[in-house]
1. Could you please find all residues in region 72-115 being more than 27 Å from Ala50 (Cα to Cα), hydrophobic (A, V, I, L, M, F, W, C) and either open to solvent by 30 Å² or more (accessible area, probe 1.4 Å) or in contact with a Cys (Cβ under 9 Å, 6 or more places away or on another chain) (or both)?
2. For residues in region 15-38 being open to solvent by less than 60 Å² (accessible area, probe 1.4 Å), farther than 17 Å from Ala77 by Cβ and not in a loop (DSSP other than H, G, I, E, B), which is modelled with the lowest pLDDT?
Amino acid sequence: RHFERSFPRLPWLRELHAIIGPGHYEEPSWDRGPSVGARVAESLLSKLPALEVLVAEVRVESESDPPLLGIARALGARNVRFCVAELRPASDRPFTRSVVRHVAQELLSEGIDLEIVHGSA
């Protein structure tokens, strides 16, 4: 919601590189439910109507936080290519390695470009 209120509208922008995860853009938490990806896509495209590619560096807190698959699917349905340039845990807690591994496998199974994965070994 903060994003919708404060981010400028950039109608000419075709490619965006962004960091998605905790503490970015003052979002305290992600909405829950099956439509969260659609809401994120709608918010982005309301500000960036010419967007064709979203390249993300992602900090993962849990298997559903941030809700990457929902975002990727919703953007894909709107002809926006979603690429993950970097996937890493949001913290050093021991369980995050398996979470990162799980999220990476889900992204790859959906055909989402995934370049670098940290902390999954």
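1. Ala90, Phe95
2. Filtering region 15-38 for residues that are open to solvent by less than 60 Å² (accessible area, probe 1.4 Å), farther than 17 Å from Ala77 by Cβ and not in a loop (DSSP other than H, G, I, E, B), the one modelled with the lowest pLDDT comes out as Ile20.
Table: residues versus (1) out of contact with any His (no Cβ under 7 Å at 6 or more places or on another chain); (2) modelled with pLDDT of 90 or more; (3) assigned to a loop (DSSP other than H, G, I, E, B).
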site: Val40; (1), (2), (3): yes, no, no
site: Leu45; (1), (2), (3): yes, yes, no
site: Val55; (1), (2), (3): no, yes, no
site: Phe82; (1), (2), (3): yes, yes, no
site: Pro94; (1), (2), (3): yes, no, yes
site: Ser98; (1), (2), (3): yes, no, no
site: Ser120; (1), (2), (3): yes, no, yes
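The values are calculated or read from the model by the stated rules, or taken from the named source; none is laboratory data. None of the values given here were measured: they were computed from a predicted structure. Positions of Cβ are generated from backbone atoms using ideal geometry, with glycine treated the same way; all protein chains shown enter the neighbour counts. In case anyone asks, the SASA skips ligands and DNA or RNA and just uses the protein heavy atoms, side chains included. Shrake-Rupley method; radii C 1.70, N 1.55, O 1.52, S 1.80 Å.
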